[in-house]
Amino acid sequence: MRGVKGPRRGPELQDLGIISDGSLLIRDGLIEEVGPTRRVENLAAARGAVEVNASGRVVMPGFVDCHTHLVFPPELHGSCDDDAALRAVRTGTAQRLQTRARTYLEAMARHGTTTVEAKTGCELDARCETKLFRVLASLRSQPLEVVPSFFFCLPPPDVTNPDTTQAAVDRILLELLPKIRRRKFAQFADLSWEPNPNRQKLFERYLEAATALGFRCKVHADHGTPAGAISLAIRHSAASVDHLEHATAADVVRLGGSQTVAALLPYASFRGGRYAPGRALIDAGAAVALGTNFNPNHTPALNMQTVVSLACMRMDLTPAEALSAATINGAHALDYADRVGSLELGKSADLVILNVSDYADVVHHFGMNVVHATMKRGKFIYREADVGGRSEAAEREYERTIH
């Protein structure tokens with residue numbers, strides 16, 4: 001995925017920079033050399049290195065999932081009600097929330113994700129937000145790199161007492177956001193946009209306050225008329241505008257001429273039935289990224305390989321474009337492209353080894369997990385295990401580990 005410094009656009013998405021019979025030299029979690037195997041093996045620095053044989057397999061950057069709702073709402077059996085979700089956060093222990101989130105992260109690692117964005121979103125409940133940020137802080141490297149986002153989501157209008165919402169927004173902007181920034185709880189300030197004309201000034205005020213504090217911004221554009229959300233995102237130089245299932249031809253043109261990444265979420269479309277115009281966005285020159293939109297209730301799917309497949313089958317991306325969007329462009333959507341998203345000198349050794357001999361085969365294994373191993377910062381965090389009985393020693397070690 002070595003290439004241009006900015007997000008990939010147009011024909012650049014097709015250029016994967018493939019090295020046939022290639023090798024990586026990794027030291028202290030970073031990529032020290034990359035190139036043809038014969039050259040890398042003959043380097044003095046490679047003497048005595050531990051060899052990992054990936055013959056016949058594809059080695060590629062770990063997936064960068066640039067849009068998830070990892071911790072909110074929590075898993076609710078038979079209910080997706082927002083009030084029930086808030087009660088579950090208030091009454092549940094941080095340890096239980098942490099354990100559940102770690103389970104999801106481990107599953108993501110098994111499917112090849114090495115960096116994941118995670119949103120909060122407790123409407124205007126500052127205590128719940130703080131609780132979730134403490135949970136995310138405890139998970140930032142266990143086992144994946146977690147990039148936290150504060151998700152500004154307004155509750156339905158209270159027609160009987162509109163001043164209540166205004167007062168809560170004031171507390172968020174004047175107290176909670178500065179606290180989040182001061183304690184480095186989040187790197188992004190996300191916004192759940194809606195077309196309600198009475199709320200547009202609140203949205204402007206939120207993005208202005210977040211930008212002034214040093215946050216990068218993101219905008220959800222999942223409503224039936226997303227033009228306002230797209231304009232808002234571009235005007236505030238948002239890192240990404242996400243969803244875009246209802247984007248029109250005019251919206252596509254605007255995004256094609258902007259620096260804001262278009263983060264598309266095929267899993268959300270799989271359930272809703274309407275897909276973002278991925279092909280049109282790429283042809284217009286937009287920087288396209290892919291994410292799962294993982295949510296324990298609404299979108300309980302976390303396999304980025306399937307996201308790549310859906311993007312090809314339903315959004316008309318090529319396999320190369322989809323893989324670029326799921327790695328290096330996902331990293332750009334998180335301002336992490338200087339460290340992850342490609343296998344280049346000086347970057348973190350975040351990679352996956354696949355049980356396929358051609359990268360395009362990922363698309364054809366819809367719903368399957370073709371990951372043989374996942375590496376984060378030069379250490380394997382997942383290795384494919386044989387199916388069958390373990391030796392007695394291995395069984396004892398397994399039991400010791402889980403207990």
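The combined condition, being under 21 Å from the mean Cα position of the chain (by Cα), small (Gly, Ala, Ser) and at positive phi, is not fulfilled by SER269. Candidates in region 318-360 are the residues that are without any contact (Cβ under 8 Å) to a residue 60 or more places away in the chain and hydrophobic (A, V, I, L, M, F, W, C); of these, the one that is surrounded by the fewest Cβ atoms within 10 Å (Cβ to Cβ) is ALA360.
Each row is one residue, and each column tells you yes or no for (1) more than 22 Å from the chain's Cα centre (by Cα); (2) under 26 Å from GLU321 (Cα atoms); (3) surrounded by fewer than 16 Cβ atoms within 10 Å (Cβ to Cβ).
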{"position": "GLY3", "(1), (2), (3)": "no, yes, yes"}
{"position": "LEU25", "(1), (2), (3)": "yes, no, no"}
{"position": "GLU41", "(1), (2), (3)": "yes, no, yes"}
{"position": "ALA45", "(1), (2), (3)": "yes, no, yes"}
{"position": "PHE72", "(1), (2), (3)": "no, no, no"}
{"position": "ARG90", "(1), (2), (3)": "yes, no, yes"}
{"position": "THR93", "(1), (2), (3)": "yes, no, yes"}
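Pull up region 47-70, narrow it to residues that are under 25 Å from the mean Cα position of the chain (by Cα) and assigned to a loop (DSSP other than H, G, I, E, B), then point me to the one that is nearest to VAL288 (Cα to Cα). Let's see the steps before the verdict.
Initial filter on region 47-70 (under 25 Å from the mean Cα position of the chain (by Cα)): 57-70.
Narrowing the set further to residues that are assigned to a loop (DSSP other than H, G, I, E, B) leaves 57, 62, 66-67, 69-70.
Numbers: ARG57: 27, GLY62: 17, CYS66: 11, HIS67: 13, HIS69: 20, LEU70: 22 Å.
Within region 47-70, the match that is nearest to VAL288 (Cα to Cα) is CYS66.
Given the options VAL308, VAL363, name the one that is over 20 Å from HIS243 (Cβ atoms) and of a type outside the set (D, E, K, R). Talk me through it step by step, then tell me what you get.
Working: VAL308 fails: over 20 Å from HIS243 (Cβ atoms).
Result: VAL363 is the single residue among VAL308, VAL363 that is over 20 Å from HIS243 (Cβ atoms) and of a type outside the set (D, E, K, R).
The residues listed here are ARG27, ARG87, ARG47, ARG57; of these, the one that is assigned by TED's automatic domain parsing to the domain that holds ASP358, out of contact with any Ser or Thr (no Cβ under 6 Å at 6 or more places or on another chain) and modelled with pLDDT under 95 is ARG47.
Would you say VAL4 is modelled with pLDDT under 95 and more than 27 Å from ASN329 (Cβ to Cβ)?
On the way: modelled with pLDDT under 95: yes; more than 27 Å from ASN329 (Cβ to Cβ): no.
So VAL4 does not fit the description; no.
The residues of region 269-306 that are surrounded by fewer than 24 Cβ atoms within 10 Å (Cβ to Cβ) and either of a type in the set (A, V, I, L, M) or assigned by TED's automatic domain parsing to the domain that holds VAL362 (or both), listed by number, are ALA280, ALA284, ALA301. The one condition from (1) among the charged types (D, E, K, R); (2) buried (at least 18 other Cβ atoms within 10 Å of the Cβ); (3) more than 21 Å from the chain's Cα centre (by Cα) that ARG8 does not meet is (3).
Residues in region 1-31 that are charged (D, E, K, R), over 23 Å from HIS372 (Cα atoms) and not in a loop (DSSP other than H, G, I, E, B): GLU12 only.
Is region 108-122 home to any residue that is in contact with a Lys or Arg (Cβ under 7 Å, 6 or more places away or on another chain), in the same structural domain as THR68 (by TED's automatic domain parsing), assigned to a strand (DSSP E or B) and of a type outside the set (A, V, I, L, M)? Spell out the reasoning first.
Step one: list which residues in region 108-122 are in contact with a Lys or Arg (Cβ under 7 Å, 6 or more places away or on another chain), which gives 114.
Checking the rest, the ones that are also in the same structural domain as THR68 (by TED's automatic domain parsing) come to 114.
Next, from what is left, pick out any that are assigned to a strand (DSSP E or B): 114.
In the following step, the residues that additionally are of a type outside the set (A, V, I, L, M) were identified as 114.
Yes, that holds for at least one residue.
The values are calculated or read from the model by the stated rules, or taken from the named source; none is laboratory data. Keep in mind that what you see is a predicted model, and the values were worked out from it rather than measured. FYI the Cβ positions are ideal-geometry reconstructions off the backbone, even for glycines, and counts take in every protein chain you see.
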